[in-house]
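Asker: If you scroll down you'll find the structure; I have some questions about it.
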Amino acid sequence: MLNVPKQAAQEDYTQKPYKDTPYTEVAAGTVQIPPDPPLTECEIVALHTEVSALANWAKIKFKDAAWELYYAEIAKLQAEATASNAWTQVRDRVDGLKRKYLN
């Protein structure tokens, strides 16, 4: 089992941003914090290794490396959501034009 730092173990994730939601949603509801289902030990070790590698390569603190990777992933999710919404809008406009001119 991994040793969790005392401060991280004491963090309170019970604050509810919305009345009936026990999770904080990030990137338009694509990510839930804490994750559901919880991460496996293998996933935690993989994330720790990735953060450690970035921290060593960039010569920055572990915490800063973790934040950099976190925000990079959030940016990817937001870009995917934006692209998906754009294609939905294009499809809706094309369908609207079809109905208008082909009926």
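Asker: Return one quarter of the surface area of the convex hull spanned by the alpha-carbon atoms of region 48-103, equal to its mean projected area, in nm².
Answerer: Seen from a random direction, the Cα hull of region 48-103 projects 4.8 nm² on average.
Asker: Working out 0.36 nm times the residue gap between V45 and W67, then minus their Cα-Cα distance, what length gain in nm do you get to one decimal?
Answerer: Fully extending the segment from V45 to W67 adds 6.3 nm.
Coordinate-derived values only; no laboratory data. Keep in mind that this is a model prediction, so the values were computed, not measured.
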